[in-house]
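**Q** Have a look at the structure that comes next, please.
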Amino acid sequence: MDEKNQFVIDALSIEESWRIFRIMAEFVEAIDTLSGVKHAVSIFGSARTTPDDPNYQKAETLARLLARKGFSIITGGGPGIMEAANKGAAEAGGRSVGMNIHLPFEQKPNSYANINIDYRYFFIRKVMFVKYAMAYVVLPGGFGTIDELFEALTLIQTKRIKSFPVILVGSEYWKGLLDWLRKTMLRDNKIAREDLELFQIIDDPEEVVRHIQKYVIL
């Protein structure tokens, strides 16, 4: 191996080592920032949802109701459903956490989070969502929303974390997914019948709050 190639390999090795330190630093910063956040509900949904969308208004109402009951609200910190939830929590005087991820498009931090964290790494952000959540509420969204939903369901199913309420809001939106889980995954023995009990579909914000309160004592 010539000296030039060896130099490139050594440089790459150093870069990988520094990446480990950046990851560690991001974990430490996130834990320090969130250590005072108690009784949190993580709310997910599309960044593309506009303020005139009923789902935006529902997320805002839900976060407001939860904040008034003493819950903190954690979102991905961006626009759409995340903005609505942060807005509802902040205007109710609650803790409104925005965990923003650096992306080349779509994701810009909203102005309603009163606790902000910026992430470079998706996986660290996902760990924090689970670590500090006492419940997940999932409104209509895209790939990112689905990713967070099934991450939580997998961890609960495999007993890697303690079970907590996972609630899907928007029965019409989630109907196709639920049908596929029942008629394809369950039928083909890819999941167990009790796996379908790991989540609930509830449309009314007040009923969502009551359901969470059944499992979470403040």
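**Q** Looking at G94, G98, G141, which is the one that is in contact with a helix residue (DSSP H, G or I) (Cβ under 6 Å, 6 or more places away or on another chain), buried (at least 20 other Cβ atoms within 10 Å of the Cβ), in a loop (DSSP other than H, G, I, E, B) and at pLDDT 95 or above?
**A** Result: G94 is the single residue among G94, G98, G141 that is in contact with a helix residue (DSSP H, G or I) (Cβ under 6 Å, 6 or more places away or on another chain), buried (at least 20 other Cβ atoms within 10 Å of the Cβ), in a loop (DSSP other than H, G, I, E, B) and at pLDDT 95 or above.
**Q** Every residue in region 32-56 that is of a type in the set (S, T, N, Q) and over 16 Å from D204 (Cα atoms), please.
**A** T33, S35, S42, S46, T49, T50
**Q** Could you pull out the residue among F44, F27 that is surrounded by 24 or more Cβ atoms within 10 Å (Cβ to Cβ) and touching a helix residue (DSSP H, G or I) at 6+ places or on another chain (Cβ under 7 Å)?
**A** Just a single option satisfies the conditions, and that option is F44.
**Q** For residues in region 56-74 being touching a Ser or Thr at 6+ places or on another chain (Cβ under 6 Å) and of a type outside the set (F, W, Y), which is nearest to H39 (Cα to Cα)?
**A** Once the filter is applied, the top-ranked residue is I73.
**Q** Of (1) of a type in the set (G, A, S); (2) more than 19 Å from S171 (Cβ to Cβ); (3) outside any loop (DSSP other than H, G, I, E, B), A59 satisfies all except one. Which?
**A** Only one criterion in (1) of a type in the set (G, A, S); (2) more than 19 Å from S171 (Cβ to Cβ); (3) outside any loop (DSSP other than H, G, I, E, B) is unmet by A59, namely (2).
**Q** Does V8 satisfy being outside any helix (DSSP H, G or I) and either modelled with pLDDT under 95 or in contact with a helix residue (DSSP H, G or I) (Cβ under 8 Å, 6 or more places away or on another chain) (or both)?
**A** no
**Q** Within region 167-202, how many residues turn out to be in a loop (DSSP other than H, G, I, E, B) and in contact (Cβ under 8 Å) with a residue 40 or more places away in the chain?
**A** Selection size over region 167-202: 4.
**Q** Right, something else. Among the numbered criteria (1) assigned to a loop (DSSP other than H, G, I, E, B); (2) of a type outside the set (A, V, I, L, M, F, W, C); (3) crowded, with 20+ Cβ neighbours inside 10 Å, which one does R160 miss?
**A** Looking at each condition in turn, R160 falls short on (3).
**Q** Now, a different point. Which of (1) without any contact (Cβ under 8 Å) to a residue 60 or more places away in the chain; (2) under 23 Å from R48 (Cα atoms); (3) in a helix (DSSP H, G or I); (4) among the aliphatic types (A, V, I, L, M) is the odd one out, the single condition L103 does not satisfy?
**A** Result: L103 passes all but (3).
**Q** Considering only residues of region 144-157 that are in contact with a strand residue (DSSP E or B) (Cβ under 6 Å, 6 or more places away or on another chain) and of a type outside the set (A, V, I, L, M, F, W, C), which is surrounded by the fewest Cβ atoms within 10 Å (Cβ to Cβ)?
**A** T145
**Q** Of the conditions (1) part of a helix (DSSP H, G or I); (2) without any contact (Cβ under 8 Å) to a residue 24 or more places away in the chain; (3) closer than 19 Å to N116 by Cβ, G36 fails just one. Which one is it?
**A** Against the list (1) part of a helix (DSSP H, G or I); (2) without any contact (Cβ under 8 Å) to a residue 24 or more places away in the chain; (3) closer than 19 Å to N116 by Cβ, G36 comes up short only on (1).
**Q** Going by the structure shown, is A135 touching a helix residue (DSSP H, G or I) at 6+ places or on another chain (Cβ under 6 Å), assigned by TED's automatic domain parsing to the domain that holds I73, surrounded by 18 or more Cβ atoms within 10 Å (Cβ to Cβ) and among the small types (G, A, S)?
**A** Yes.
**Q** Name the single residue that is farthest from E197 (Cα to Cα) among those in region 106-150 being without any contact (Cβ under 8 Å) to a residue 60 or more places away in the chain and of a type in the set (S, T, Y).
**A** Selected residue: S111.
The values are calculated or read from the model by the stated rules, or taken from the named source; none is laboratory data. Computed from a prediction, not measured in an experiment: that's the story for all the values here. Don't worry about glycine lacking a Cβ; one is built from the backbone with ideal geometry, like all the others, and counts go over all protein chains shown.
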